[in-house]
Every structure is written in structure tokens, then in C-alpha cells.
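The values are calculated or read from the model by the stated rules, or taken from the named source; none is laboratory data. Everything quoted here is computed from the prediction, not taken from an experiment. Here Cβ is always computed from backbone atoms with ideal geometry, including for glycine, and neighbour counts include all displayed protein chains. Only protein heavy atoms, including side chains, enter the accessible area calculation; ligands, DNA and RNA are left aside. Shrake-Rupley method; radii C 1.70, N 1.55, O 1.52, S 1.80 Å.
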Amino acid sequence: NTITIRNVHTITITSGVSIDQTTIEAGGEVIINTGIALTLANGAGTDLVISGTLKNSGTLTISGSTWQVTSGGTYIHNSTSGISTPLNAATLDDGSNFKYLGSSSLNTSMSVSNRTYSNLFFESSSGTWNASFLSGSNPLTVNGILTVGENVNLSKGAFTGALNFNGNIDIYGSFSGDNLTIAAGK
């Protein structure tokens, strides 16, 4: 059956659960607590549609399933759990928002090689977050806005792929790598 999280409602997931045919409407929010697994079961059509916000501090597991972040929808990855495999099954529509949220004590797992995002954010929830891209040689493409928030020092790290930024770049922290430095305020 279909599960819909309506606008202005917030659902917090505090124990492992499997879902299918779930929609988070604009204004609705789902929070996956730390250490909790949300499993997307494979059913007819897209198994999870995010038009509101999904904040994942746990684990997102897919099983042959697909998910989508629509224009105006936001997925927040605030976890050390890998996101590469779930991203392989994701559709990130034009105007969608994907946010990596780390902190001075949480180094969020990131996947950028061979990825195309609409709007991509790197933000700190507390303290200074020193973050690096995972290794990879395939391009990272951001068709909308790339934002590096305050208290974020982002580095290309071992990533050797091309950086394709087709929209605005907003740097409030810093972004650096081989032959690349973008200072705050750019």
C-alpha cells in the first residue's frame, strides 16, 4: 500500500523499518535516527519519493528498489554509513537538494565520483567540519548551486575526476585541492 507523509508532519524513525511506495510531501519530514536502518523494499514504480525532507542519520538500504528527490525536495546525509549504493538507484530531479551534513565529531560518508547533482550542499551541524571527497576518477557534476557552508573546510582529497559546476558556487567556508582554491565569499 501507499504511505504518504503529509505536509507539516514530521515522522521520526527510531527502529529498523522497511517501506515501499512512500511519498514525503513538500513540507513533510522524515528523520532516521542514528544507528537505525530504513530499508526500501522493491515494489511497483518508485519506492520512495522525497518532495519534502528526509534526514538520514542512520542507514538507507535498498533492495532492488528506486527512490527520487523531486524539485524542491531535500535529502540530508548526516551519517558515516555509505551512500554510494543507494545513490546508484536514485533520481535527483532538477531543483532537488542533496546535503552532506557533518561536524567536528562526525565525518559524513560522501559519494561524488560519477555523480550528477542538482543543488549540492556541504554543511556543518557543529564545530568545524574538515571533509574530503572519497577517491574516484569519474566526474562530479553540479547543475544547480554548489554550497560549502560556514565552518566547512572541503578538500578534493584523493578525488581526481573533473569538477563540472554549471550553476552558482557559494563558498562560506573553504574548498581546496590540486590547483584549486576557492576562498570564502566567492
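Per atom type, the chain shows carbon and sulfur on 44% of its accessible surface, probed at 1.4 Å. Extension gain for Asn138-Ser71 works out to 21.6 nm (0.36 nm per residue, less the C-alpha to C-alpha distance).
Here is the P(r) of the chain: all C-alpha pair distances, binned every 10 Å from 0, give 10, 38, 36, 14, 2, 0 in whole percents. Per residue, segment 1-84 exposes 43 Å² of accessible surface when a 1.4 Å probe is rolled over the protein heavy atoms with every protein chain present.
Using DSSP, restrict attention to beta bridges with both residues in the chain and report what percent are antiparallel, rounded to the nearest 5. The partial results should precede the final answer.
Working: 3 of 64 bridges.
The antiparallel proportion sits near 5 percent.
Consider a paramagnetic label point 7 Å from the Cα of Ser104 along Cα→Cβ; state which residues of segment 51-78 have an amide N under 14 Å from it. In segment 51-78, the label zone of Ser104 (backbone N under 14 Å from the point 7 Å along Cα→Cβ) covers no residue. Using the Kirkwood radius over C-alpha pairs as Rh, can you work out the diffusion coefficient of segment 1-87 via Stokes-Einstein at 37 °C, viscosity 0.692 mPa s, in µm² per second? After rounding, the answer is 260 µm²/s.
What does the extension gain come out to for Asn7 and Thr80, with contour length at 0.36 nm per residue minus their alpha carbon separation?
Numbers: separation 73, 0.36 × 73 = 26.28 nm, distance 2.85 nm.
23.4 nm is the gain from fully extending Asn7 to Thr80.
The slack between Ala158 and Thr128, meaning 0.36 nm per residue of separation minus the straight C-alpha distance, is 8.7 nm. Converting phi to 3J(HN,Hα) with the Karplus coefficients 6.51, -1.76 and 1.60 and the offset θ = phi - 60°, segment 52-69 yields x, 9, 10, 9, 9, 9, x, 10, 9, 10, 10, 9, x, 9, 10, 9, 9, 10 Hz in sequence order, with x at every glycine or proline. For Ile5, the amide hydrogen comes within under 5 Å of the amide hydrogens of Thr23, Ile24, Glu25, counting only partners 5 or more places away or on other chains and with H modelled in the peptide plane.
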